[in-house]
Amino acid sequence: MSKESLPPKRLSNARPTPWWRNPANAAALLGAVAAFLLGGWVYQAQSPQAPSNANGQASDAAPDAVQLVLKAGKPTIVEFGANNCVSCREMKPVLHALALDPRIAVADVDILKERGYISKYQIRLMPTQVFYNAQGVEIGRHMGKISAEDILAQLGLTAAP
């Protein structure tokens, strides 16, 4: 074996430089942290602030659509859905027909436009129908399409003559 084929000898026991000591890596990390903080600041600046009363506490500016319908004091059905949902669109004629019945109140909430309803009313699937008695207490739920007769049965009513 000749001397040229042997690997060169290491002159010292030098270790590689840690990644955080490399100036290019440190600059990239610092830039990423700055971008993250700036993004959070911009997001917070653009989010709407909750209205507050004279005491500085958050107050409800107006009751939501569901609470307004429940004030009628009638058995109520509220459908949570969206206009781009096929099953929700198929439920529209059923809800419109039921809205003509003076014994009940009907509300249709587009949860893609009003996303706060999703968590407030624990909506997991579109469409979801929530049934309330005349006192405004939830008495049942249904997910998916449902007939007018089944809705009336859930509310404890019979079909109108």
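The values are calculated or read from the model by the stated rules, or taken from the named source; none is laboratory data. Keep in mind that this is a model prediction, so the values were computed, not measured. Heads up, the Cβs are rebuilt from the backbone with ideal geometry, glycines too, and the neighbour counts pull from every protein chain shown.
A single member of Asp101, Asp110, Asp150 is acidic (Asp, Glu), in contact (Cβ under 8 Å) with a residue 24 or more places away in the chain and closer than 19 Å to Lys74 by Cβ, and it is Asp101.
Kindly check whether there is at least one residue in segment 132-145 that is crowded, with 19+ Cβ neighbours inside 10 Å and closer than 20 Å to Gln67 by Cβ. Yes.
A single member of Ile146, Ile77 is within 23 Å of the chain's Cα centre (by Cα) and either at pLDDT below 90 or not in a helix (DSSP H, G or I) (or both), and it is Ile77. Out of the residues in segment 9-32 meeting the condition of being exposed (fewer than 10 other Cβ atoms within 10 Å of the Cβ) and assigned to a helix (DSSP H, G or I), tell me which one is modelled with the lowest pLDDT. Out of the qualifying residues, it is Trp20.
Of the residues making up segment 75-125, those that are hydroxyl-bearing (Ser, Thr, Tyr) and touching a strand residue (DSSP E or B) at 6+ places or on another chain (Cβ under 9 Å) are Thr76, Ser87, Tyr117, Tyr121.
Can you name every residue in segment 86-98 that is touching a residue at least 12 places away in the same chain (Cβ under 8 Å) and more than 19 Å from Met143 (Cβ to Cβ)? Listed by number, the list holds a single entry, Ala97.
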